[in-house]
Amino acid sequence: MSTATTHAHGVPINITSGTRSVNPADFEPISALQEAWRFTPVAPLAVLEQPEFAAAGISAAVPASVSVSTGSPAGSFLPGDRLGATTRSRTAEATIVDIPHECVADSPLRVDIALAGGAPAFARVVVNAGAHSQSQLEVAVTGAGSGGVILELNLDSGAHLTLTQLTDLGDESVAVVYVPAFLQRDSVLRSHTLTVAGALVRVVPTVEYQGPGADAGLAGAFIVGPGHHIEHRTLADHTVPNCRSHVAYKGVLGGQEQQRARSVWIGDVLIHADATGTDTYELNRNLVLNEFARADSVPNLEIETGDIAGAGHASATGRLDDEQVFYLMSRGIDQTTATSLIVSGFFDDLLAQVPSEQMAARVRERLAEVLT
C-alpha cells in the first residue's frame with residue numbers, strides 16, 4: 001500500500017511535488033529537469049537504485065546510561081524525494097539510540113557507519129533524546145563505497161542535543177545522507193555538519209518544529225576537492241510559534257582542469273501562518289581557490305505571516321584575495337603557507353565550535369590536502 005502524502009500544510013519539502021513517502025515508486029524517476037535535482041549530476045545516482053544492495057556496517061559506543069538496540073521503529077521521517085524513499089525502504093532494521101529523560105550523558109555518544117565497496121550499502125539510525133536530557137552525539141560516515149544513510153533525531157520537550165556529523169568517503173563514492181530532526185517544545189539542537197570527500201555526496205539536514213520554543217542551530221563546513229561534487233540542502237520548517245533557526249555553512253573549493261570541483265548549497269526556510277514569533281537567519285559563504293571550481297548558493301525564504309521576530313539570509317561566493325596573499329608574502333611567508341593561513345582563518349569560527357576535536361582535525365587535514 002502506498003504511503004504517499006503531502007506536507008500537512010500543503011508546502012513541499014525540498015521538492016516541487018510535495019509527495020512524502022517510503023515507497024520509491026511514488027516518485028518520478030530522477031531527472032535534471034526536476035527542481036530538486038537540477039544542480040545534481042543525476043547519472044551517477046543510478047548506482048543507488050540498482051537491485052543489489054547491502055546493509056552498511058554500524059557500530060555504536062555510548063555511556064552506560066544510554067541504550068542501543070536494533071529494531072523496526074515507525075519513526076517520524078517520511079522522505080520527500082526518491083532516494084530518501086529508496087534508503088528508507090532498504091533499511092527496515094534500524095539502530096536505535098535511546099537517551100533517557102533527564103539524562104546528562106557524561107561522554108559523547110559515537111556512531112560509526114561504514115560504506116564498504118561492492119553493492120551500495122544503506123543504514124538507518126534513530127536517536128531518541130528524552131525530555132530534558134543533555135547529550136553530545138558524533139556520527140561518522142566513512143568508507144570507499146556508495147550508499148544511503150538516514151540519521152533521524154527525535155528531541156523530546158526540553159532536550160538538548162549537540163550533533164557532529166562527518167561524511168568522509170572515497171573518490172568514487174556516491175552517497176546521500178538524510179538528517180531529519182523533529183523538535184518538541186523548548187528542545188535545542190546544535191548541529192555541526194562536516195563534509196570533506198566523495199565523488200558525489202548529497203547531505204539533507206532538515207528540522208521540523210513540533211512544539212513552541214524549540215531552537216535549532218545548523219552549522220556546516222565542507223571541502224570540495226578535484227573531481228568532487230558536494231551538495232547540502234537544509235530546511236527549517238517553522239509550523240509552530242516562537243521557534244528559532246540559525247543556519248551557517250561555509251565551503252572551500254579547489255579543482256583541476258580535468259577534475260573540476262562543484263558545490264551546491266540550498267537553504268530553505270518555511271514560515272507558516274501559525275508560526276508567529278519565528279526568528280530565523282541563514283548564511284552561506286564559499287571560497288573558490290581557482291578557476292576550476294564552481295559554487296552554487298540558493299537561499300530561500302517563504303513567509304506566510306508578518307508577525308515574526310526576524311528573518312533574513314546572506315550568501316556570498318568569492319575568490320581567494322590576491323592582495324591578502326601578497327601582504328603575507330611581503331612579510332616573508334611563502335605562498336603556500338600564506339594561502340593556508342587565509343583559508344584556515346576562513347573556517348576557524350565554525351571549526352572552533354565543533355565539539356569533536358578529532359572530526360575538526362580531519363577537516364583541517366583534508367583542507368591541507370586540497371591546498372597542496
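A few notes on this one:
- Relative contact order (%) - the chain, alpha-carbon pairs under 8 angstrom, separation at least six: 10 percent
- In order through segment 280-291: 3J(HN,Hα) via Karplus (6.51 cos²θ - 1.76 cosθ + 1.60), integer Hz, x for Gly, Pro: 9, 7, 9, 9, 9, 10, 10, 10, 9, 7, 7, 6
- Given their separation in residues at 0.36 nm each and the Cα-Cα distance between them, Thr337 and Val298 gain 10.8 nm when the chain is fully extended.
- Taking a span of 20 Å or more along the helix axis (Cα atoms) and a mean Kyte-Doolittle hydropathy of at least 0.5 as the rule, the DSSP H helices of the chain that qualify are 335-351.
- Computed P(r) (all Cα pairs; segment 46-110; 5 Å bins; percent): 3, 13, 21, 18, 17, 13, 9, 4, 2
- Amide H partners (placed H, <5 Å) of Arg124, local residues excluded: Thr95, Ile150
- Here Met329, Met359 are placed in order of increasing Cβ neighbour count within 10 Å, fewest first, which gives Met329, Met359.
- Bridge orientation summary for segment 5-320: considering DSSP beta bridges with both residues in this region, about 10 percent are antiparallel.
- Charge sum, other residues only, whose C-beta stays under 12 Å from Pro24's C-beta, Lys/Arg counted +1 and Asp/Glu -1: -1
- Close amide-amide hydrogen proximity is noted between Gly57 and Ala114, Ala116, each under 5 Å apart and 5 or more residues distant or on a separate chain (H modeled in the peptide plane; Pro and chain starts excluded).
- Dividing the convex hull volume of the alpha-carbon atoms in the chain by its residue count gives 133 Å³ per residue.
- Among Leu289, Leu235, Leu153, residue whose mean-square fluctuation peaks in a GNM of the chain (springs only between Cα atoms under 10 Å): Leu289
- Alpha carbon centroid spacing (whole Å) that separates segment 290-359 from segment 56-130: 32 Å
- Residue-wise HN-Hα coupling along segment 201-214, computed from phi with Karplus coefficients 6.51, -1.76, 1.60 (Hz; x: Gly, Pro): 10, 10, 10, 10, x, 10, 10, 10, 8, 10, x, x, x, 6
- Added length on full extension, which subtracts the Cα-Cα distance from 0.36 nm per residue, Ala309 to Asp348: 11.1 nm
- Rounded to the nearest 20 debye, the dipole size of the chain about its Cα centre is 400 debye, using +1 on the Cβ of Lys and Arg and -1 on the Cβ of Asp and Glu.
- Shown in residue order for segment 245-262 are the 3J(HN,Hα) couplings computed by the Karplus curve 6.51 cos²θ - 1.76 cosθ + 1.60 at θ = phi - 60°: 9, 9, 10, 9, 10, 10, x, 10, 10, x, x, 10, 4, 9, 9, 6, 10, 9 Hz (x for Gly and Pro).
- Cut-off under 5 Å, modelled amide H: who pairs with Thr280 long-range: Ser245, Gly310, Ala311, Gly312
FYI, it's all coordinate maths here, none of it is from the lab. If you're wondering where the values come from, they're calculated on a predicted model, not measured in any experiment. Virtual Cβ from ideal backbone geometry, glycine too; neighbours counted across all protein chains shown.
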